[in-house]
Structures are given as structure tokens and as C-alpha cells.
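Here the structure comes first, spelled out in C-alpha cells, and everything after it is commentary.
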Amino acid sequence: MRWSNSREVEAETLRRARTDLSAGTLSVLSRIAVCGPVHPSQLATHYGVDNSTITPKLQRLERAGLISRESDPSDGRGTLVRITATGERLRQRIHAARRAMLEELLEAWPKTETERVAEAMTWLAERLELPSARVPPA
């Protein structure tokens, strides 16, 4: 986890994905993709920040064509944001860049070792997805 979140890996990932958006802004894009249409205030709550912190990130994403805004059908005064097809393609490029970097890192490992690591990581990921292992939302 430390490797994937290091500044160097983050910068290289963004370079390979051909984006100049910040990792923080792209984190918001990913959250929108996971949540589906979401209120900006819900994003602010998730990140533990004020709406005024989320708004510039959403404006950058919208200007780049990565998200769109729409009226909330349940509350005409509210606005929802959703990822666009362009935003999803950027997310796919980011995932492909990270995957390629990890593959490069592991290419010198013996196949049996990478299979063992993959098996262990799959086991861990499955356990983390169990309801009892989830961290309750803030």
C-alpha cells in the first residue's frame, strides 16, 4: 500500500494515464464512479471537508468533461454529479497504468511466487469485503 500511494508512483501513474489532474481530484472522480449519482455535499462529508473544498475539484472534473451535473429528481433544488464516459475511460487508463507498473515490478519474480502472492492477496481482498470487516461510514 505504501508503494502504490507514494508520490513517485502516483506521479508516474498520472503521467502514464496522460492526465494533469491531481490525485485528490481523481480520488473524487473515483468516488463518484463508485457511488453513482451523488450530491456534492455527500462527497464533502465522505472526505471530511467543507463543500467549498469539493466545489473546485468538481468544477475541474466538469470542465474536463469527466463528470456531469443533473437535477436531483427527488429534490429539484439539489444537484447530483455523475461520471461521464470520458471520465470512465480516464479511470480505466489510470488502472491500466498502475497494473502495468506493478507487472513491471514483479516481472523478475518466479511465476510460482507471483501466483502465491496473488492467491494471498485475493484471500485478503475477499476477507476485507466481508460485512464484518467493513469500516462503518463516518
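We did not get these values from a lab; they are worked out from the coordinates using the rules stated. Fair warning: this is a prediction, and the values are worked out from it, not measured in the lab. When we count neighbours, we look across all protein chains shown, and the Cβ atoms used for this are built from the backbone with ideal geometry, even at glycine.
Laid out as a table, the results:
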| item | result |
| --- | --- |
| For ALA118: the one exception among (1) loosely packed, with under 12 Cβ neighbours inside 10 Å; (2) hydrophobic (A, V, I, L, M, F, W, C); (3) over 21 Å from MET1 (Cβ atoms) | (3) |
| Condition check for GLY24: under 11 Å from GLY87 (Cβ atoms), surrounded by fewer than 17 Cβ atoms within 10 Å (Cβ to Cβ) and touching a helix residue (DSSP H, G or I) at 6+ places or on another chain (Cβ under 9 Å) | no |
| Helices (runs of 4 or more DSSP H) within the stretch 1-106 that include 1 or more residues among the polar types (S, T, N, Q) and without any contact (Cβ under 8 Å) to a residue 40 or more places away in the chain | 23-35, 40-47, 51-63, 85-106 |
| Qualifying residue in the stretch 44-53 (condition: loosely packed, with under 13 Cβ neighbours inside 10 Å, touching a helix residue (DSSP H, G or I) at 6+ places or on another chain (Cβ under 8 Å) and either within 22 Å of ASP20 (Cα to Cα) or among the acidic types (Asp, Glu) (or both)) | yes |
